[in-house]
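To start, the structure under review is shown below, and the notes come after it.
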Amino acid sequence: MIFNKLFKKYLIQEFIISPEIAEQYRVKADGSGVPMYLELVKDKVINEETTYRVLAEFLGLEYRFCQLSEINLKLVGKYPRDLLLEYEGVPFEIRDDVLVILGSNPFKIEEFSELLTQGCRKIEFIISPPKQMKLILDYANNKIQQNEAMNEYIKNNTEKEEIDPDAPIDAPVIKLCDSILIDAINRGASDIHIEPFSKSVFIRFRIDGKLQKIEDLSPQLYPAMLARYKIMAELNIAERRIPQDGKISLTIEGNTYDFRVSTIPTIHGEKVVIRIYSRAFNSSDMSLLGFSDKQKDLIMGMITRPHGIILLTGPTGSGKSTTLYTFLRYLAKEDTNIMTVEDPVENEIDGINQVQVNPKANLTFAAALRSFLRQDPNVIMIGEIRDEETAQIATRAAITGHLVLSSIHTNDAAGVITRLINMGIPKYLVADSLLGAISQRLVRKLCPKCKAPKITTPAEMALLKIDKPVEIYEPVGCRYCNSTGYLGRIGVFEIMVLTDEIRDIVMSDDFTSEKVGAIVAKNMTTVLSHTCERVLEGMTSIEEYDQLVDIVK
């Protein structure tokens, strides 16, 4: 294949890969009858973005990594969707009489000539990497279907003076509700907020910890949408006066997602919040959570103990459940009996016995724990310690030969001891049973594509508690991160291991959490010091650090 021969020569000329590897993959690509760059990407010889950037340079075409917000849905909607999906490209813009196509396969440019209508006489091709193109195609197709569903529903109901909330749910509403869930997944959202107001319904997504308004919907749509989500979550659609909670499980693009649905009455109707959990994250690798090597050693020293209690603390949405599930996956062995009691069960793990709290049947955390002790468990995980009875049983389980993992609400790791004592646990039991506590927060990661270096100012040096100016990074914003300057989040942690020194303080008459906190700050990494490390490493910004200072100090 002449293309592979020329492309091989270009890769060698630009020092992308060695002549030996280039020749190896030219032969392999010729044998399989595909362009050489596809084989390189498949075997991960070069990463996808680099490969397609080099391909664009070789062909003399523009390369562009587009965000979803850059796609002109009105323009895309003018062309047959089946053809766009088949050719794996979308109309990006019209420049004079030129139709600009965004796609990942430049060899399909002839097929796109079918789209030359509306005064366009010529096609230009912009290359984008396949993974991003798939996301763009899914997004465009989903949003167009969403708009069609909204328009169809409103058209069919314009003659009705009042919408009947008990009317049957028709196809357009089903498509609309499904499309909102898919749109949230495509954008990487953790929560969906659907909020009714007097003149419109707001759709907001929480992305990287920040709420973003996505669109306004007509209030005319809302009763049917609300009923649809309630049916999917197995809630009572006739009950509109009290809060309700439920769960939806869906498989989208081969990945299974759990959606935790919560409704609450407001003055303009019931507000719906949907939290998204992906079952795709099933790793036991603690490095993926953000632990440093030193912190991993401390954690391994705790979770490999045969008995004792380990508590996680942090605000709602700080990743406590993800951390607990990572510990459980690591501990899940054939010779280990693990039992959990949760409200709700957020992530199903094979080989672990998981129990869902059911207050109506009197299956509370405490009731489940009492039964667990007769089930011969090695490891017990409690979703959250909320009351004195649960704390008492968990503590006694920890001193009678069981490893107990749970979460509790305090401001820092040292505060866990005070919280347990205030819940009625005797000091000697706390000192004897508690192995340690982990406090965690999530900080936004700087976009690796656009973050810019800067030298610390005197004020920033004082904030970071350093003596000399150093290079750190600040957010800029680009199409990769949707102009926010941040891409994803990572955990920052404070780990308190109960040493003999801390146990002596707990047992003393003048115990205070401040004394324990001073030992943690002196000998262990705190949330602030860990975040400071992330700033100096260039992983997050000083603004993210500054936001934590007033919260956790």
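Tell me which helices (runs of 4 or more DSSP H) are completely within the range 307-426 and hold 3 or more residues being open to solvent by 10 Å² or more (accessible area, probe 1.4 Å), touching a Ser or Thr at 6+ places or on another chain (Cβ under 9 Å) and of a type outside the set (Val, Ile, Thr), or say none if there are none.
320-331
Residue under question is SER483, and the condition is that it be open to solvent by 30 Å² or more (accessible area, probe 1.4 Å), within 20 Å of GLY319 (Cα to Cα) and of a type in the set (S, T, N, Q); does it hold?
Criteria not met by SER483.
Please enumerate the residues belonging to the range 215-247 that are more than 15 Å from LYS271 (Cα to Cα) and in contact with an Asp or Glu (Cβ under 7 Å, 6 or more places away or on another chain).
LYS247
Please give the number of the condition MET302 fails out of (1) touching a residue at least 24 places away in the same chain (Cβ under 8 Å); (2) open to solvent by 50 Å² or more (accessible area, probe 1.4 Å).
(2)
Here are some residues: LEU250, LEU235, LEU288. Which one is under 26 Å from the mean Cα position of the chain (by Cα) and at pLDDT below 85?
Within the list LEU250, LEU235, LEU288, the selection yields LEU288.
Quick one: count up the residues across the range 85-98 that are out of contact with any Phe, Trp or Tyr (no Cβ under 8 Å at 6 or more places or on another chain) and either open to solvent by 70 Å² or more (accessible area, probe 1.4 Å) or modelled with pLDDT under 85 (or both).
The qualifying residues number 8.
Count, please, the residues in the range 1-29 that happen to be open to solvent by less than 50 Å² (accessible area, probe 1.4 Å) and under 16 Å from PHE107 (Cβ atoms).
4
What number of residues within the range 193-222 are open to solvent by 40 Å² or more (accessible area, probe 1.4 Å), in contact with a Pro (Cβ under 9 Å, 6 or more places away or on another chain) and modelled with pLDDT under 90?
The qualifying residues number 3.
Can you tell which of VAL520, VAL535, VAL492, VAL506 is within 21 Å of ARG206 (Cβ to Cβ), open to solvent by less than 20 Å² (accessible area, probe 1.4 Å) and among the β-branched types (Val, Ile, Thr)?
It is VAL492.
Can you tell me which residues in the range 111-164 are more than 22 Å from ARG187 (Cβ to Cβ), acidic (Asp, Glu) and modelled with pLDDT of 80 or more?
GLU111, GLU124
The values are calculated or read from the model by the stated rules, or taken from the named source; none is laboratory data. Nothing here was measured: the structure is a model prediction, and the numbers come from that model. Positions of Cβ are backbone-derived with ideal geometry, glycine not excepted, and every protein chain shown enters the neighbour counts. For accessibility, only protein heavy atoms count, side chains too; no ligands or nucleic acids. Shrake-Rupley method; radii C 1.70, N 1.55, O 1.52, S 1.80 Å.
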